[in-house]
1. Kindly list, by first and then second residue, each pair from a residue in the stretch A:355-374 that is closer than 11 Å to A:Ser51 by Cα to a residue that is in a loop (DSSP other than H, G, I, E, B) and at pLDDT below 75, limited to pairs with Cβ atoms under 7 Å and residues at least 6 apart or on different chains.
2. Filter the stretch B:98-125 for residues that are at the interface with chain A (Cβ under 9 Å from one of its Cβ atoms) and outside any helix (DSSP H, G or I) and give the result.
3. For the stretch B:155-191, give me each residue that is assigned to a helix (DSSP H, G or I), in contact with a strand residue (DSSP E or B) (Cβ under 9 Å, 6 or more places away or on another chain) and among the basic types (Lys, Arg).
4. For B:Glu59, all conditions in the list (1) closer than 24 Å to B:Arg162 by Cβ; (2) not in a strand (DSSP E or B) hold save one; what is the number of the exception?
5. Of the residues A:Leu314, A:Leu216, A:Leu303, A:Leu290, only one is within 30 Å of A:Asp98 (Cβ to Cβ), surrounded by 14 or more Cβ atoms within 10 Å (Cβ to Cβ) and of a type in the set (A, V, I, L, M, F, W, C); which?
6. Given the criterion part of a strand (DSSP E or B) and surrounded by fewer than 20 Cβ atoms within 10 Å (Cβ to Cβ), identify the matching residue among A:Leu172, A:Leu116.
7. Got a number for residues in the stretch A:72-94 being under 13 Å from A:Val249 (Cβ atoms) and either part of a strand (DSSP E or B) or at pLDDT below 90 (or both)?
8. Can you tell me which condition B:Leu181 does not meet? The list is (1) modelled with pLDDT under 90; (2) buried (at least 23 other Cβ atoms within 10 Å of the Cβ), and all the others hold.
Amino acid sequence: MIDGLKTMLPLAWRNLWRNPRRTGITLIVVAIGVWSILFFNAFMIAWAKSSKETTLQLLLGSGQIHAEGYMDDPSIETLMDPPDQNLTSALEAPAVGDWTTRVVVPGVVQSEYKTLPATIVGVDPTAEARISSIPGKIAEGRYLNSSDDDSAVLGLHMVERLKTGLGRRVILMSQNTEGGMSEQSFDVVGIYDADKATESLYVFTGRAASQMFLGLEGEIAQIVFVLQEEMALEDTVAALAEAAPALDVRSWKDLNLFLASMDSYMGVFIHVWLGIVFALMAIGIVNTQLMAVFERTQEFGLLRALGMKPRRVLMMVTIENALLIGVGVLLGMVLAAVTIWSVSDGIDFSAFARAMEMVQTGEIIYLDYEPDAFILFPGLIWLLGILVALWPARRASKCRPVEAMRRET
Amino acid sequence: MDPIVTCRGLSKTFGKGELAVHALRDVDLDIMPGDIATLAGPSGSGKTTLLNMIGALDEPTSGEVSVDGLPLSGISRSQLSDLRLSKIGFVFQSYNLIPVLSARENIEFVLQLQGVAASERHDRAMEAIKEVGLSGMEDRRPGKMSGGQQQRVAVARALVSRPTIVLADEPTANLDSKNALELVDLMRSLNREHGTTFLIGTHDVRVMEQSMRHIEMVDGRIDSDARSSA
């Protein structure tokens with residue numbers, strides 16, 4: 001068997017180069033297929049990661065804790081007390097990277113020109129800077145100084161719609177604990193530049209300032225936490241739920257179903273793409289190999305006439321195909337590795353900022369090698385390619401030896 | 001002495017009904033060990049079909065072929081492959097060498113199929129190359145050899161496995177006079193020295209003149225079968 005392979009391998013390799021053009025075309029087809037799968041896989045994973053990080057870092061965090069019923073009716077009537085000692089201990093666990101509390105209530109914001117619906121968010125600026133990317137997105141002015149800061153930070157889009165600006169005043173209105181409406185004038189001290197949906201909706205002020213404005217006595221709407229490691233998400237949520245059984249503890253997956261679906265279906269997208277690429281490659285491989293087999297009918301007849309058994313003809317052609325597809329797969333892997341390496345500083349999509357904003361992704365996508373994918377996908381393509389090429393190989397093995405003689409006459 | 005090849009009542013018909021072509025009609029033939037026999041006749045007389053039947057490359061419509069006492073009817077494709085590998089050597093009109101292999105590798109290939117060890121393969125191939133007068137050309141590929149040289153490699157390939165019989169179909173058809181005569185001389189000398197049996201399908205008078213037995217075919221039948229003193 002080993003001796004047989006020793007003879008077959010060089011023969012198969014030389015046979016491949018009898019028609020360099022056809023071999024070249026097949027190699028290119030396989031290499032581009034493998035490259036596209038590996039590159040697409042790396043890109044999709046990077047895009048999903050960027051999209052996830054961008055969304056989580058904006059306001060969502062790794063998870064949130066609310067009073068029961070708040071998610072169905074996020075109003076002043078469904079607030080909760082600040083975390084007790086038990087919950088605080090759970091939030092100080094090593095798995096939790098950071099956490100903060102917020103007051104989040106629906107309201108309206110009014111300028112001298114316009115009144116718009118808004119979500120008023122009272123934050124602790126110091127803790128918020130460790131949780132959210134918004135403090136780092138100030139386009140004009142400044143972010144809030146402290147929890148007592150009774151200034152307002154508005155989004156660019158909202159500022160445009162309100163026809164207001166830095167140094168001007170806006171009025172925030174919301175229902176208070178008494179059941180009436182509270183309204184208060186706030187100085188616009190900062191304008192942030194995030195995605196349009198966030199900019200249009202969220203108005204930030206100090207948490208203590210917002211509690212005073214709403215007549216609260218320390219109540220909050222949410223606790224937001226971020227994790228050290230994403231892997232610890234389920235365990236941490238369970239631990240927090242155990243520490244606060246009366247509260248509603250949810251991971252980001254429950255809070256943003258679209259993001260969660262995208263995250264979990266990413267593997268499916270990749271495999272669908274793999275299927276499409278493979279189908280195209282299979283057509284190319286089968287066509288070229290069938291052509292090769294037809295062209296060499298006389299030779300296979302000769303081999304059979306010389307006494308080569310059908311299974312050895314099958315093995316010989318299969319070895320040729322395995323070598324051909326294998327080299328194509330290796331080329332594709334090298335191409336993909338070089339491509340990913342060449343964009344390791346990130347692919348800048350700032351020219352498509354608005355589109356990237358719509359899909360909530362950072363403007364720069366950083367691709368990374370996926371070692372598992374570099375083994376799994378090329379291996380799968382190689383094996384499937386050999387399987388598909390068994391068809392032409394089988395035709396070759398079924399060639400009748402008399403063909404060799406018949407073509408002589 | 002028992003014949004190496006026996007054909008009894010051998011018939012082959014291609015196609016059916018009005019389109020049927022009777023390539024062989026009730027052929028009886030014995031080839032004896034050490035024979036160097038030519039199979040002659042006009043095109044379509046059934047020479048190649050008869051060679052195909054004896055070479056286990058095609059099946060007769062009726063009748064029986066035995067090679068070295070083994071009846072070919074009813075044996076599997078795999079057993080037929082073994083028979084061709086061990087008992088029959090082929091020489092074709094167009095040499096039919098594997099273009100990507102050198103002369104030595106082409107010859108060794110048959111031995112490799114037989115499972116002969118690498119070192120023995122090499123020695124036997126080199127010996128065969130020497131025997132057909134191609135020493136020094138063993139590493140050349142067919143594309144770099146003349147027609148005569150390629151046909152010598154084909155003869156060496158046919159002989160290296162030490163077959164019971166060598167079947168040659170128009171071996172000189174693509175050769176010039178000089179190479180054709182050299183090839184005939186080579187087959188004659190191999191026949192004399194090793195007792196190799198040759199059955200040669202040919203139109204070539206030079207080949208017929210050198211044969212010790214001349215079989216003439218007409219319309220799928222053996223018209224005459226005569227031994228000469230050549």
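The values are calculated or read from the model by the stated rules, or taken from the named source; none is laboratory data. Since this is a predicted model, take the numbers as computed values, not measurements. Backbone-built Cβ (ideal geometry, glycine too); neighbour counts: all protein chains shown.
1. Correct list of pairs: A:Met356/A:Glu363.
2. If the condition is that a residue be at the interface with chain A (Cβ under 9 Å from one of its Cβ atoms) and outside any helix (DSSP H, G or I), then B:Ile98, B:Pro99, B:Val100, B:Leu101, B:Gly115, B:Ala117 are the ones that fit.
3. B:Arg157, B:Arg188 - these are the residues of the stretch B:155-191 that are assigned to a helix (DSSP H, G or I), in contact with a strand residue (DSSP E or B) (Cβ under 9 Å, 6 or more places away or on another chain) and among the basic types (Lys, Arg).
4. (1)
5. Working: A:Leu314 fails: within 30 Å of A:Asp98 (Cβ to Cβ); A:Leu303 fails: within 30 Å of A:Asp98 (Cβ to Cβ); A:Leu290 fails: within 30 Å of A:Asp98 (Cβ to Cβ).
Result of the check over A:Leu314, A:Leu216, A:Leu303, A:Leu290: A:Leu216.
6. Values: A:Leu172 fails: surrounded by fewer than 20 Cβ atoms within 10 Å (Cβ to Cβ).
Selected residue: A:Leu116, the only one of A:Leu172, A:Leu116 that is part of a strand (DSSP E or B) and surrounded by fewer than 20 Cβ atoms within 10 Å (Cβ to Cβ).
7. Of the residues in the stretch A:72-94, 1 are under 13 Å from A:Val249 (Cβ atoms) and either part of a strand (DSSP E or B) or at pLDDT below 90 (or both).
8. Unmet for B:Leu181, out of (1) modelled with pLDDT under 90; (2) buried (at least 23 other Cβ atoms within 10 Å of the Cβ): (2).
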